[in-house]
1. Show the residue pairs that are 6+ apart or on different chains and have beta-carbon atoms under 7 Å apart, the first residue being within the stretch 9-24 and surrounded by 16 or more Cβ atoms within 10 Å (Cβ to Cβ), the second being aromatic (Phe, Trp, Tyr).
2. Going residue by residue through the stretch 313-331, is there one that turns out to be modelled with pLDDT under 95 and of a type in the set (D, E, K, R)?
3. What are the residues in the stretch 237-249 that are part of a loop (DSSP other than H, G, I, E, B) and at negative phi, if any?
4. How many residues are assigned to a helix (DSSP H, G or I) and either in contact (Cβ under 8 Å) with a residue 24 or more places away in the chain or surrounded by 16 or more Cβ atoms within 10 Å (Cβ to Cβ) (or both) if we restrict to the stretch 147-164?
5. So, in the stretch 275-290, of the ones that are part of a helix (DSSP H, G or I) and surrounded by fewer than 22 Cβ atoms within 10 Å (Cβ to Cβ), which residue ends up farthest from the chain's Cα centre (by Cα)?
6. Out of 362, 375, which single residue is farther than 26 Å from residue 174 by Cβ and either free of Cβ contacts under 8 Å to residues at least 40 places away in the same chain or crowded, with 16+ Cβ neighbours inside 10 Å (or both)?
7. State whether one or more residues within the stretch 414-422 are part of a helix (DSSP H, G or I), in contact (Cβ under 8 Å) with a residue 12 or more places away in the chain, buried (at least 17 other Cβ atoms within 10 Å of the Cβ) and of a type in the set (A, V, I, L, M, F, W, C).
Amino acid sequence: MTKRTPNNKLRDLVAESRWTYEALAKAVRAVAAECGVTLRTNKSAVEHWIAGARPQADTGRYLAVALSRRVGRLITPADLGLAAVAEDEHDSIGLTLGADPLDSLIPMWRHELDRRRFLATSAYSVAAAALPLSHVQEIAARTAAARTGQSMGMAEVAAVRDMITAFSEMDERHGGQHGRSALVTYLRDDVAPLCRGRFRTDEIRRHMLSAASRGVHLLGWKSYDAGQQGLAQRYYLQSYALATESGITGHDGFVMRTMAMQGLKLHRPEHCLGLAETGLNRAKGKVDAQTEALFRVVHAHTLAKTGFRQAALAEAEQARVLMASAPGDDVPFWALAWGPPAASVYSRTAKVYETLGDHQAAAEQYARAATARPAGTYARIVALDLVAGAEMHLKRGRIEKACTTWSQAMDHMDGVRSVRTRKAVKSMRADLNPFRARGLRCATELDERAMDFLATA
């Protein structure tokens with residue numbers, strides 16, 4: 001029988017974390033759950049790992065993420081002394097910000113197209129969420145090359161914007177799982193070479209990098225919609241790097257805003273307020289009123305989540321005032337990631353009220369958000385706003401109104417391939433259980449419709 005060698009690296013990091021083995025096992029299970037995996041890791045498993053046993057499948061990577069969150073720095077499986085596996089060396093791809101974000105994106109795209117599991121099952125990294133706040137990027141000097149020779153102009157930028165808009169509209173109509181490989185291929189084969197090409201002016205180059213950032217941001221959103229939160233975060237980080245390199249005022253802050261939203265959704269608030277505040281400060285007074293409102297309303301949500309009730313309400317009101325003050329302003333291409341700004345402000349304001357416990361006001365804002373977007377173009381997000389509104393009605397004890405609103409949401413879900421819509425329907429069924437058991441007709445009929453949807457979606 002081969003004698004195992006104790007894993008001293010793992011032992012030392014567990015000691016540094018000051019976690020008991022039971023607490024560490026619980027944290028590993030929680031990370032796995034975020035990736036859609038159910039583990040039965042327990043105290044005995046941790047003891048076996050420290051004694052030299054290797055965690056099975058992706059468990060070692062979940063262990064690394066759990067310890068990263070605890071000690072406040074990025075830890076990989078190699079740092080834990082785990083035996084190398086084929087993809088361990090790639091675990092940090094996309095989690096760092098280098099001189100050229102394309103150098104990080106190209107291997108990510110290669111693994112995406114090859115359907116490699118390590119990216120799809122990667123977990124959200126709290127350590128990486130802090131990177132944009134401390135990152136002072138030394139931009140790769142491509143400006144000189146951009147100014148030499150006859151090359152691309154704004155027509156090429158417009159073409160990239162048009163294509164990314166088409167992908168974005170497809171995403172909203174049909175869900176994040178539709179057209180993802182095509183978007184990866186387009187960004188890799190067409191957009192990346194353009195970003196490394198030569199431009200007639202530096203201003204044109206900046207707009208091309210900004211357009212590329214928006215495309216990578218969309219890949220992050222598609223990954224988010226598929227429940228792949230770690231992969232989404234990596235794309236957001238590289239979108240941030242491209243936006244930073246572009247130098248377009250406010251664009252880097254907008255990606256920070258998205259990262260704050262992701263952290264709030266995942267109940268990982270460690271850096272959300274800092275991300276939202278920094279993003280707002282990079283845009284405040286420098287962008288149009290509608291775009292500034294988008295920054296302010298996310299800042300309001302982070303304030304609400306961190307207990308600053310009055311400041312949150314004041315910031316949400318400021319966002320509303322800004323929206324009303326200049327409805328005809330031109331909004332930058334990168335700020336239109338989720339369609340009409342007013343709808344995004346209503347939806348995020350609803351989340352502020354929901355966080356603060358005002359379910360009636362939240363329901364009203366979700367309803368406004370759902371009607372502020374063209375339903376044909378934004379089927380998925382309209383459906384999810386209606387689902388959220390139904391949940392607010394339920395919290396107020398209005399089950400019939402909740403069923404009506406849920407039914408309206410499902411009207412928009414046909415043809416949408418989205419993990420989030422499926423989860424919303426499953427959650428709805430759980431909420432309906434006690435009412436169906438009591439024989440409430442609207443609950444029974446809606447549950448039957450939900451079962452049919454889940455069977456065919």
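1. Hits for this filter: 10/49.
2. There is at least one residue in the stretch 313-331 that is modelled with pLDDT under 95 and of a type in the set (D, E, K, R).
3. 248, 249
4. Adding up the residues that qualify gives 7.
5. 289
6. The conditions single out 362.
7. No, because not a single residue in the stretch 414-422 is part of a helix (DSSP H, G or I), in contact (Cβ under 8 Å) with a residue 12 or more places away in the chain, buried (at least 17 other Cβ atoms within 10 Å of the Cβ) and of a type in the set (A, V, I, L, M, F, W, C).
Here's the yes/no breakdown for (1) basic (Lys, Arg); (2) closer than 13 Å to residue 428 by Cα:
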position: 361; (1), (2): no, no
position: 364; (1), (2): no, no
position: 373; (1), (2): yes, no
position: 383; (1), (2): no, yes
position: 387; (1), (2): no, yes
position: 390; (1), (2): no, yes
position: 403; (1), (2): no, yes
position: 406; (1), (2): no, yes
position: 411; (1), (2): no, no
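The values are calculated or read from the model by the stated rules, or taken from the named source; none is laboratory data. None of these values were measured; they are calculated from a predicted model. All Cβ positions, even for glycine, are placed from backbone atoms using ideal geometry, and neighbour counts span all protein chains on display.
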